[in-house]
Amino acid sequence: MLSDLMGPLRVLYLVHALPPCEFSGPPLIAHAYAKRASDRGWKTTVISADPSVATWGDVVDTQEPGEWFHRVAVPPTRVETWRLLAASDRRDPKSEATRFFVDTLRRTRPDLVHVIDNVYLPLDWPDLAREAGIPVLRTVVSNDDLCALDPPVSPASGPTGFCTAPLSPEQCASCLVAGGSSPETKDVLLECLRFKRAEAERQFGSVFERLVFSNGAWRHYFEETLPLDPDRVETIEMGLDMTPWRHPTARIAKGPGEPVVFALAGSADPARGHLDAVRAFSRPELADRDDYRLRFLGATDPAALAPLLSSNPRVEVVGPYEPKGLPAHLATADVGLSTSLFATSDRVTREYLLAGLPVVANPTFGNWDLVAGGRNGLVYDRGQPDGLARAICRVLDDRALLERLTAGAAASRPMIRSVDDEMAEIASLYGEVVRARRGSGQPPGSAAPTLD
């Protein structure tokens, strides 16, 4: 084991949030890594932004019951404008944020800093760690560094639903204007976006020692805009916590007269494709049928769903859920809908398959190698206005097809990786990076960060 070779590691994670404040991808990744790192006996700390922390004097350092890592909650930075303006913030050595992070590095003396993401955190924190002689790893989970919208989804994105690469500051400014920013501010937007791009090129080129992507398709998309040094890039497939799925509920074959239950899990967001589902189930070919039910699982946008809910009594909103409760929700469903326009890893498609549900999917970076049309689900073309509706009707009109897809979904369970397997690869990467740093004769943290 790594700890046997080198002694317990000291790991510091950065992420924009942690459960239970948020159950989206990066917080779940950070929590899974931190839990497993601390279970190995490593001294582990996670710094996350927390809207309940108002000032730097209110920073909270806690350990939750059953967890062996420290949670450090800090005030969020520029919540409304982070993706546009954070890169333009010049380092202030006297700022409370800078002093806090430098003090944290000195106090925790991490062997490495792993940035899951640093949304709503100061962008220069990785620089401070690097200047202190601490290797910095970066998991690239989103487009935050290249796009002011994160998922590059806007009214200007075209029929695919997201902007095609390469992304440019000029294109990004056009998307912001299409989304409601004043056209008169376009020059100001461009200046900020160009500075943001220059900072991304600098950090990805010289600050992050290793870069981790979950799959090759997502890495290729990212590198079409920002080419990377291949010697510093790793592809490590995402895994899930299998604890809730150890005893899955047996699927019951759907009788010919029973309605087919479709589940759409995940928080409502333009990039999640919830509006595509609203449009599909509002079409005459589905609105006039009575042989299905549609359930939205997760936090929703009431205004966006209101027209469908008022016109279609076969649609219901279940509301927010925690990952541990999802198996019970999916046990009563028959088909999972994966409608995301832009997903780099696509956790929910994996959860559908773990539940034994066939998936009707819009192909994304995160699911293109998981859903095989006609075997464990159906793939639709979002560029066709009736693409999703036609795929749903195929399932409803052919119960034998539904049975075959359900059997295929059950057979796909071994394709889904566990987070323990993922963490084993992450730990191996940690060992490689720390051994290289120690072999250089410069122990982590031996230098002082630059404060001016």
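The values are calculated or read from the model by the stated rules, or taken from the named source; none is laboratory data. Keep in mind the model is a prediction, meaning the values are calculated, not measured. Note: ideal-geometry Cβ built from the backbone for every residue, glycine included; neighbour counts use all protein chains shown. The protein model used for the area step is the full one, side chains on, heavy atoms only, and it has no ligands, DNA or RNA in it. Shrake-Rupley method; radii C 1.70, N 1.55, O 1.52, S 1.80 Å.
Selection of segment 153-176 for residues being open to solvent by less than 30 Å² (accessible area, probe 1.4 Å), closer than 17 Å to Leu85 by Cα, in contact with a helix residue (DSSP H, G or I) (Cβ under 9 Å, 6 or more places away or on another chain) and of a type outside the set (A, V, I, L, M) yields Pro169, Cys172. Taken over segment 294-316, residues that are in contact with a Pro (Cβ under 8 Å, 6 or more places away or on another chain) and either open to solvent by 10 Å² or more (accessible area, probe 1.4 Å) or of a type in the set (A, V, I, L, M, F, W, C) (or both) amount to 2.
List, please: which pairs have Cβ atoms under 9 Å, are six or more places apart or on different chains, and start with a residue in segment 157-168 that is free of Cβ contacts under 8 Å to residues at least 40 places away in the same chain and within 15 Å of Arg219 (Cα to Cα) and end with one that is open to solvent by less than 70 Å² (accessible area, probe 1.4 Å) and not in a loop (DSSP other than H, G, I, E, B)? Every condition considered, the pairs that remain are Thr164/Tyr221. Scanning segment 201-227 for residues that are closer than 22 Å to Gly431 by Cα, outside any helix (DSSP H, G or I) and either in contact with a Cys (Cβ under 8 Å, 6 or more places away or on another chain) or among the hydrophobic types (A, V, I, L, M, F, W, C) (or both) gives Phe208, Leu211, Val212, Phe213. Please find, within segment 283-327, the residue that is modelled with the lowest pLDDT out of those that are more than 23 Å from the chain's Cα centre (by Cα) and of a type in the set (Gly, Ala, Ser). So, considering only residues that are more than 23 Å from the chain's Cα centre (by Cα) and of a type in the set (Gly, Ala, Ser), the one modelled with the lowest pLDDT is Ala303.
How about segment 88-112: which of its residues are in contact (Cβ under 8 Å) with a residue 40 or more places away in the chain, surrounded by fewer than 19 Cβ atoms within 10 Å (Cβ to Cβ), not charged (D, E, K, R) and not in a helix (DSSP H, G or I)? Within segment 88-112, just Pro93 meets the criteria.
Gly445 - would you say it is small (Gly, Ala, Ser), surrounded by 13 or more Cβ atoms within 10 Å (Cβ to Cβ) and either touching a strand residue (DSSP E or B) at 6+ places or on another chain (Cβ under 9 Å) or at pLDDT below 95 (or both)? Criteria met by Gly445.
Under the condition of being of a type outside the set (Val, Ile, Thr), within 23 Å of Lys196 (Cα to Cα), open to solvent by less than 30 Å² (accessible area, probe 1.4 Å) and touching a Pro at 6+ places or on another chain (Cβ under 9 Å), the residues counted in segment 214-240 number 1. Considering Val15, Val53, Val59, the condition of being open to solvent by less than 30 Å² (accessible area, probe 1.4 Å), touching a residue at least 40 places away in the same chain (Cβ under 8 Å) and out of contact with any Gly (no Cβ under 8 Å at 6 or more places or on another chain) is satisfied by Val15 alone. The condition of being under 20 Å from Pro155 (Cα atoms), at pLDDT 95 or above and small (Gly, Ala, Ser) holds for only one of Ala271, Ala280, that being Ala280.
In segment 244-265, the residues that are modelled with pLDDT under 75 form Cβ pairs under 6 Å with partners that are outside any strand (DSSP E or B) and of a type in the set (Asp, Glu), at six or more places apart or across chains, as follows: Lys254/Asp334.
Flag: Ala391 does not match the condition of being among the aliphatic types (A, V, I, L, M), over 30 Å from Gly41 (Cβ atoms) and surrounded by fewer than 16 Cβ atoms within 10 Å (Cβ to Cβ). For segment 328-346, give me each residue that is outside any loop (DSSP other than H, G, I, E, B) and surrounded by fewer than 20 Cβ atoms within 10 Å (Cβ to Cβ). Selection gives Ala328, His329.
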